[in-house]
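This report concerns only the one structure given below.
Every number here is computed from the coordinates shown, using simple stated rules; none is lab data. Keep in mind it's a predicted model, so treat the numbers as computed, not measured. All Cβ positions, even for glycine, are placed from backbone atoms using ideal geometry, and neighbour counts span all protein chains on display.
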Amino acid sequence: MVVGRSTQLDEIFRPRSIAVLGASNREGSVGHSLFQNLLTSRYRGVVYPVNPSWTSVSGVRCFSTVDELPEAPDLGVVIVPAAGVERVVDDLGRKGAKGVVIISAGFREIGPAGAALEDRVIAAARRYSMSIVGPNCFGVINTDPAIGLNATFSADLPPRGNIAFISQSGALCAGILRYGIEEGIGFSRFVSMGNRAGVDENDLISSLAEDPTTRVILLYVESLASGRRFLEAAREVTKSKPVLVIKSGRSPVGERAVRSHTGSLAQSSRDHLFDAVFEQSGVIRAESIGELFQMAKVLGSGSTMRGTRLAILTNSGGPGILAADACARKSIDLPMPSAGLAGRLRRILPSAASVANPVDMTADVDPSRYERSLKWLLESPEYDAALLISTPVGTMSSDRLVRAILDGREGSKKPVIACLFGLTDISSAVGQLEQAGIPTFTFPEEAVGGLAAMVEYRRWRGRPKTRVRHFAVDRRQASATLRRARAQGRSVLPEYLARELLEAYGIRFPAHGQAKSLDDVLSLAGRIGYPVVLKVASPDILHKTDVGGVRLGINGADELRSAWADMRTALKAKAPKARIDGFEVESEVPKGPEVLIGLQRDPTFGPIIAFALGGIYVEALQDVTFRLAPLVSLSAETMVKSLRGLPVLQGMRGAPPGDLPAIYEAIERVSQLAVELPEIAELDLNPLIVRPAGSGVVAVDARVVLTPSSTAAPPPSPGRSTRSRSRTRHVGAPRPHR
């Protein structure tokens, strides 16, 4: 971002004067529409049209150049052809403008030539410390009546509200504005980022966190300008305001070949990666634009749901069942009313009513009984919120229904959501309810989706606050191992070096050794003790199992001789060009659940930690979770517990439960390694054998890929001790992600 004079982007959202470069009298042009919109939106500042082709625009004196303006405008809105944008941005900067919104297209979105032009525009703005929105954008809106800013080419100005909308797509903005107007959704601010040459989503959500009118921030993005900056900013903002996002499209990791399970998972599970990092920062993801605004309506109501217990009050069974099914999908609880509460409801409701949950009052209910039922449910400590469903049955009018709902809710601070299902001509009723802070929906599933966002945001804010654990490790040994690999010209560590590196970070491996001849292999196995595992040691073989490079369960010397011969034959046939450093002999670890812990450095998000059920089927199962490093203890635990395969680790069909705390610690140790050793580009611990509770975890295979030497940070000085006592602390940079 090119920062102007205000961290709250006042130069963009609260300008005292605006120059419109490209303002026009030509009907149907963007320059005409945008200038008209500034006038008709009752902009409270001074607006200057700038265009050498006109002496006046819409009755306002027009200036031929920026130099002719009587003052420096706070904001310039640029609508001139792309080739002229660099010049006018420079003109604005020399005049003293603080910010610029570039509507014009023809930049990075069209290819290399446009990208070069955009870079020159950025350089021009930087010379004068100007903030840029755009180019190739729809513009900005601030509905604050003290500002009245509609610097877009859409005549649709939404009502004042508490929802801010940020969009990467300009084409989407006009439709969203129209949708908001039709649905009665009010906006506080509305901004199209375009190509994000300066101001991006990170700057905007940080700015909106300080806007007292904005209660909810909505984002539409196709990619993130900087994933790590986004997560840092969003994590701060979500402490006080919910951030909702709809993300479309996929961003490639890069064109280089991925040489680990973790890298493959990060590519194929790219969308799951975004899910994980949104969750890690408290951002709630919507699957559709409709769902985005359903969530926003509920979160913008100002109510807070203190738990997950919902009471459903309906006058028709079918919609109530649909709502109950939606609650089950969204993990919202529907507890049965207590005997006392059920008895009170039975005494006033028709005999055919059901006083379970949903409470089905039947079509015979009148406003008085509707009101009392709602009041009792809200007064009860058994429920945290109420969902009201009314269908077009019986004789109750919409006006009487609204009065019953408002009177029944009176005095309660619990959230109340209304679903006027199938009713017609209810615009007045909807308006009254929403004016009173009761979000209203057409269908039960929509209402439950909105409530689910409230539950999710409450969960985020109420989560336990944990810290990054810092373990005593031998960084001197780890750095020496890396220098040794570099000196050998290796980009992929052979397993014995990978094991050496990881053991320095406290990862446990079975007893092991390396040999080159059969005699040495037999001697080594005798010292380790049978049963043993035989593996090929080669920097050129990624998946040893695929080429016959692993033999398990060898119980004696004769079996070892046979395994040696079979392996050499298989390697000659399946990997004839592979360099063979020798053969690894390991003590065989007793069987147990297998997991993967991995590290991948992503150009958008930085170091990512992956966790999945391990073994040879890891890519096929795709049961994987991701977090950014460094991660706190709660994140490590959440990674493990979010797997679909968690029951395998907890013990199934008589199997003992696995040592879950040992898995958490191993994840945290890899996270520490990711932060402290930037030379590591990719890492796999696969499989990591999970032993029974209290017995720890044991790694039986490891894969480490190094970054190109020119991009690696220098390791710690070998003359300085890097051992430390185990302690818990915050890691300075990058910051931990919960």
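Give me 327, 419 sorted ascending by neighbouring Cβ count inside 10 Å, so fewest comes first. Display every interim value, and only then the final one.
Values: 327 23, 419 27.
Neighbour counts put them in this order, fewest first: 327, 419.
Karplus-based coupling profile of the range 234-243, in residue order and whole Hz: 5, 5, 6, 5, 6, 5, 10, 9, x, 10, with θ = phi - 60° in 6.51 cos²θ - 1.76 cosθ + 1.60 and x standing for Gly or Pro.
Convex hull over the alpha-carbon atoms of the range 70-114: what's its volume per residue in Å³? It is 72 Å³ per residue. Normalised by the number of residues in the range 1-115, the average gap of Cα pairs under 8 Å and 6 or more apart makes the relative contact order 25 percent.
What net charge do the residues around residue 660 carry, taking every other residue with its C-beta under 12 Å from that of residue 660, with Lys and Arg at +1 and Asp and Glu at -1? Neighbour charge sum, excluding residue 660 itself: -1.
Computed from backbone phi with θ = phi - 60° and the Karplus coefficients 6.51, -1.76 and 1.60, the 3J(HN,Hα) list for the range 54-59 is 10, 8, 8, 10, 6, x Hz; x is used for glycine and proline. In terms of other Cβ atoms within 10 Å, 705, 85 run from fewest to most in the order 705, 85.
The equivalent ellipsoid of the chain has semi-axes of 55, 40, 19 Å, largest first, where each one is the square root of 5 times an eigenvalue of the Cα gyration tensor. Taking one quarter of the surface of the convex hull spanned by the alpha-carbon atoms of the range 301-438 gives a direction-averaged projected area of 7.5 nm². Using θ = phi - 60° in the Karplus curve 6.51 cos²θ - 1.76 cosθ + 1.60, the 3J(HN,Hα) couplings for the range 499-507 round to 5, 4, 4, 6, 5, 5, 9, x, 7 Hz; x is entered for Gly and Pro.
This ranking places 540, 91, 558, 701 by how few other beta-carbon atoms lie within 10 Å of each, fewest first, which gives 558, 540, 91, 701.
For residue 497, what charge total do you get from the other residues with a beta carbon under 12 Å from its beta carbon, if Lys and Arg give +1 and Asp and Glu give -1?
Within the 12 Å Cβ shell, the charges total +1.
The simple spin-label model puts a point 7 Å past each Cα toward its Cβ; for residue 579 and residue 331 those points are separated by 4.8 nm. Annotation: amide H-H contacts under 5 Å for residue 632 (H modelled 1.01 Å from N, sequence separation of 5 or more, or interchain): 737.
If you line up the long axis of helix 557-574 against the longest principal axis of the chain, both from Cα atoms, how many degrees apart are they, to the nearest 10? That helix lies at roughly 60 degrees to the long axis. Think of the chain as having a plus end and a minus end, set by charges on the Cβ of Lys, Arg, Asp and Glu; of 704, 295, 40, 704 sits farthest toward the positive end of this dipole.
Kindly work out what percent of the DSSP beta bridges joining two residues of the chain are antiparallel, to the nearest 5.
50 percent
Stretching the chain fully between residue 8 and residue 569 yields a gain of 195.1 nm (0.36 nm per residue, less the alpha carbon separation).
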